[in-house]
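S.K.: This structure is in structure tokens; I'll ask about it shortly.
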Amino acid sequence: MGEAPKPQQTKTIRVGNLARVEGEGALYVRVKGSQVEEVRLNIFEPPRFFEAFLRGRSFAEVPDITARICGICPVAYQMSSCQALEAALGVQVEGPLKALRRLLYCGEWIESHALHIYFLHLPDFLGYSDAVRLAQDQPERIQQALALKKTGNELMTLLGGREIHPINVKVGGFYRVPRKAELLALRDKLERAREIALLTVHFVGSLDFPDFAPDYTFVSLRQEGEYPILGGRLVSSRGLDIAVAEFEQHFREEHVPHSNALHATLEGRPYLVGPLARYNLNFDQLPTTVQAVAREAGLGPVCRNPFQSIVVRAVETLYACEEALRLIAEYEEPDAPCLAITPRAGEGAGSSEAPRGILYHRYRMDEQGLITEARIVPPTSQNQKMIEEDLRQFVAANLQLPKPELTLRCEQTIRNYDPCISCATHFLRLEIEQVR
């Protein structure tokens with residue numbers, strides 16, 4: 001235990017390069033006496049200007065281009081872009097094609113959550129600096145994690161053409177749909193993945209968690225009858241209930257000097273998206289079997305401790321395995337792999353639940369189907385302001401900790417969110433003034 005802070009004593013916490021997160025960022029916290037004066041999650045990864053790349057391109061190219069934004073959650077970009085463009089084109093994917101999209105998304109949740117739980121987050125709780133050292137002591141646990149992740153990857157490969165940056169998704173459906181026998185061939189592996197996911201929930205539920213439960217504003221999609229993955233209405237824990245097309249009337253993005261990713265707010269306040277928000281706003285939509293497992297792991301219908309997000313991710317992984325098995329059992333091959341699309345001028349918005357939270361897309365196109373405007377709001381940029389607020393509250397409540405331990409806890413506070421910095425830095429508002 002460290003000494004209590006002196007009234008005018010200044011303490012600075014710096015982490016120059018955050019580890020075990022996707023992308024490049026740093027942490028800076030300055031404390032004077034017992035007051036946290038400044039918190040900065042510095043995002044210095046260069047912006048990648050995807051929204052600018054899309055202008056002038058055919059709507060048909062958008063799912064493949066936006067999938068390149070992220071190697072971990074490319075399906076989320078494909079699904080949100082397809083939904084937005086289909087809204088603009090006046091078509092709606094339903095039936096077996098919609099079910100296949102949900103199944104593909106289950107594959108992404110499984111592989112992404114397994115990656116974060118075991119390789120990025122778990123070392124924090126067990127006192128290891130990384131998963132390699134964890135594997136030296138507990139090889140069976142990492143082997144299980146790899147088997148779980150591989151099953152998600154195989155599902156993505158079958159439906160998406162390959163596990164990273166899938167190439168089989170198009171506006172209106174797919175280029176090719178699988179035969180029933182191809183899906184059934186994955187059933188045994190998914191059954192094994194479900195067993196591993198169940199073990200994972202029980203194991204991570206037994207970890208020790210800091211006592212920390214902020215009064216979050218949770219935001220997620222919600223649709224009666226199913227746990228949210230594709231579509232639905234945008235809801236919050238403070239009463240928001242809007243159509244996805246109304247997103248920009250309530251949510252704002254701003255550029256702050258220390259970040260190459262935009263900060264988002266809801267009605268001027270930070271908010272939280274991701275597994276914790278989905279779980280809290282949709283616990284009643286989980287199957288009773290999954291609810292029971294969550295309760296066995298120490299979770300109730302409400303969980304506000306961000307350190308327990310590792311348990312919530314494990315619960316969602318179990319759900320994704322069960323949902324994938326259900327979708328495969330009920331699958332009926334569609335008459336055609338996609339809907340017929342006729343380009344037209346229009347504008348549309350779409351949102352889906354990426355592993356890290358809601359991912360919003362909006363596109364405007366001309367009568368030839370060429371993109372004239374694109375807007376993408378990824379989950380990590382929506383969470384950035386809340387991450388900084390978490391750091392502020394956690395440091396203020398734990399100033400007595402020795403600096404190395406407090407620094408580690410601050411890094412863990414960031415990793416609770418599984419931030420994907422590379423996703424968040426796709427665009428900045430840019431004004432060029434030419435002087436002659």
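S.K.: Among Glu254, Glu248, Glu226, which is within 26 Å of Ile421 (Cβ to Cβ), open to solvent by 10 Å² or more (accessible area, probe 1.4 Å) and out of contact with any Ser or Thr (no Cβ under 8 Å at 6 or more places or on another chain)? Give the derivation first.
M.R.: Values: Glu254 fails: out of contact with any Ser or Thr (no Cβ under 8 Å at 6 or more places or on another chain); Glu226 fails: within 26 Å of Ile421 (Cβ to Cβ).
Only one candidate passes the filter, namely Glu248.
S.K.: So how many residues does the stretch 35-93 have that are outside any strand (DSSP E or B) and over 22 Å from the mean Cα position of the chain (by Cα)? Before you say what the answer is, go through the steps one by one.
M.R.: Narrowing the stretch 35-93 to residues outside any strand (DSSP E or B): 44-57, 59-93.
Okay, now just the ones that are also over 22 Å from the mean Cα position of the chain (by Cα), so 52-57, 59-61, 86-93.
Number satisfying all stated conditions: 17.
S.K.: Considering only the stretch 19-32, how many residues are surrounded by 18 or more Cβ atoms within 10 Å (Cβ to Cβ) and either among the aromatic types (Phe, Trp, Tyr) or more than 21 Å from Leu399 (Cα to Cα) (or both)?
M.R.: Kept after step one, since they are surrounded by 18 or more Cβ atoms within 10 Å (Cβ to Cβ), are these residues of the stretch 19-32: 20-23, 25, 27, 29, 31.
So of that shortlist, the ones also either among the aromatic types (Phe, Trp, Tyr) or more than 21 Å from Leu399 (Cα to Cα) (or both) come out as 20-23, 25.
So the answer is 5.
S.K.: Can you spot a residue in the stretch 274-282 that is of a type in the set (Ser, Thr, Tyr), buried (at least 23 other Cβ atoms within 10 Å of the Cβ) and over 24 Å from Tyr363 (Cβ atoms)? Let's see the steps before the verdict.
M.R.: So in the stretch 274-282, the residues of a type in the set (Ser, Thr, Tyr) come out as 279.
Within this subset, residues satisfying the condition of being buried (at least 23 other Cβ atoms within 10 Å of the Cβ) are 279.
Imposing the further condition that a residue be over 24 Å from Tyr363 (Cβ atoms) reduces the set to 279.
Yes; the residues of the stretch 274-282 include at least one that is of a type in the set (Ser, Thr, Tyr), buried (at least 23 other Cβ atoms within 10 Å of the Cβ) and over 24 Å from Tyr363 (Cβ atoms).
S.K.: Next question, about the same structure. Do the conditions hold for Ala292, that is, is it more than 16 Å from the chain's Cα centre (by Cα) and open to solvent by 10 Å² or more (accessible area, probe 1.4 Å)?
M.R.: Against the criterion (more than 16 Å from the chain's Cα centre (by Cα) and open to solvent by 10 Å² or more (accessible area, probe 1.4 Å)), Ala292 qualifies.
S.K.: From Gln35, Gln83, grab the single residue that is over 16 Å from Thr157 (Cα atoms), surrounded by fewer than 17 Cβ atoms within 10 Å (Cβ to Cβ) and not acidic (Asp, Glu).
M.R.: Working: Gln83 fails: surrounded by fewer than 17 Cβ atoms within 10 Å (Cβ to Cβ).
When all the criteria are applied, what remains is Gln35.
S.K.: Also, quick follow-up: Inspect the stretch 15-26 for any residue being free of Cβ contacts under 8 Å to residues at least 24 places away in the same chain and part of a loop (DSSP other than H, G, I, E, B) and give the result as yes or no. It would help to see each step written out before you state the result.
M.R.: First pass over the stretch 15-26, keeping only residues free of Cβ contacts under 8 Å to residues at least 24 places away in the same chain: 16-17, 26.
Checking the rest, the ones that are also part of a loop (DSSP other than H, G, I, E, B) come to 16-17.
Scanning the stretch 15-26, I find at least one residue that is free of Cβ contacts under 8 Å to residues at least 24 places away in the same chain and part of a loop (DSSP other than H, G, I, E, B), so the answer is yes.
S.K.: Take the conditions in a strand (DSSP E or B), among the aliphatic types (A, V, I, L, M) and at pLDDT 90 or above and apply them to Val29. Does it pass? Please lay out each step first, then the result.
M.R.: Working: in a strand (DSSP E or B): yes; among the aliphatic types (A, V, I, L, M): yes; at pLDDT 90 or above: yes.
Against the criterion (in a strand (DSSP E or B), among the aliphatic types (A, V, I, L, M) and at pLDDT 90 or above), Val29 qualifies.
S.K.: Here's a follow-up. Is it the case, given these coordinates, that Ala185 is without any contact (Cβ under 8 Å) to a residue 12 or more places away in the chain, open to solvent by less than 40 Å² (accessible area, probe 1.4 Å) and among the aliphatic types (A, V, I, L, M)? Break it down into steps so the answer makes sense when it comes.
M.R.: Working: without any contact (Cβ under 8 Å) to a residue 12 or more places away in the chain: yes; open to solvent by less than 40 Å² (accessible area, probe 1.4 Å): no; among the aliphatic types (A, V, I, L, M): yes.
No: the conditions fail for Ala185.
S.K.: Considering only residues that are open to solvent by 20 Å² or more (accessible area, probe 1.4 Å) and assigned to a loop (DSSP other than H, G, I, E, B), which ones fall in the stretch 146-167?
M.R.: Initially, the stretch 146-167 is screened for residues open to solvent by 20 Å² or more (accessible area, probe 1.4 Å), giving 146-147, 149-150, 153-154, 157-158, 161-165, 167.
The answer is Gly161, Arg162, Glu163, Ile164, His165, Ile167.
S.K.: Considering only residues that are open to solvent by 10 Å² or more (accessible area, probe 1.4 Å) and out of contact with any Pro (no Cβ under 8 Å at 6 or more places or on another chain), look in the stretch 115-131 and name the one that is farthest from Phe209 (Cα to Cα).
M.R.: We begin by selecting, within the stretch 115-131, every residue open to solvent by 10 Å² or more (accessible area, probe 1.4 Å); these are 115, 119-120, 124-131.
Checking which are out of contact with any Pro (no Cβ under 8 Å at 6 or more places or on another chain) leaves us with 115, 119-120, 124-128.
Details: Leu115: 20, Phe119: 18, Leu120: 16, Asp124: 11, Phe125: 8, Leu126: 11, Gly127: 13, Tyr128: 16 Å.
Once the filter is applied, the top-ranked residue is Leu115.
S.K.: Same structure again: Right, Phe203: touching a Ser or Thr at 6+ places or on another chain (Cβ under 9 Å), aromatic (Phe, Trp, Tyr), surrounded by 15 or more Cβ atoms within 10 Å (Cβ to Cβ) and not in a strand (DSSP E or B) or not? Steps first, please.
M.R.: On the way: touching a Ser or Thr at 6+ places or on another chain (Cβ under 9 Å): no; aromatic (Phe, Trp, Tyr): yes; surrounded by 15 or more Cβ atoms within 10 Å (Cβ to Cβ): yes; not in a strand (DSSP E or B): yes.
The answer is no for Phe203.
S.K.: Condition (residue is charged (D, E, K, R) and touching an Asp or Glu at 6+ places or on another chain (Cβ under 7 Å)) applied to the stretch 120-141: is it met by at least one residue?
M.R.: Looking only at the stretch 120-141, we keep the residues that are charged (D, E, K, R), and these are 124, 130, 133, 137, 140-141.
Right, trim to touching an Asp or Glu at 6+ places or on another chain (Cβ under 7 Å) and you get none.
No, there is no match, as no residue in the stretch 120-141 is charged (D, E, K, R) and touching an Asp or Glu at 6+ places or on another chain (Cβ under 7 Å).
S.K.: Another question, if that's okay. Exactly one of these conditions fails for Pro378: (1) in contact with a Cys (Cβ under 7 Å, 6 or more places away or on another chain); (2) surrounded by fewer than 16 Cβ atoms within 10 Å (Cβ to Cβ). Give me its number.
M.R.: Among (1) in contact with a Cys (Cβ under 7 Å, 6 or more places away or on another chain); (2) surrounded by fewer than 16 Cβ atoms within 10 Å (Cβ to Cβ), the lone unmet condition for Pro378 is (2).
The values are calculated or read from the model by the stated rules, or taken from the named source; none is laboratory data. The model shown is predicted, which means the values in this text are computed figures rather than measured ones. Glycine also receives a Cβ, built like all others from the backbone with ideal geometry; neighbour counts cover every protein chain displayed. Side chains included, ligands, DNA and RNA excluded: accessible areas come from the protein's heavy atoms. Shrake-Rupley method; radii C 1.70, N 1.55, O 1.52, S 1.80 Å.
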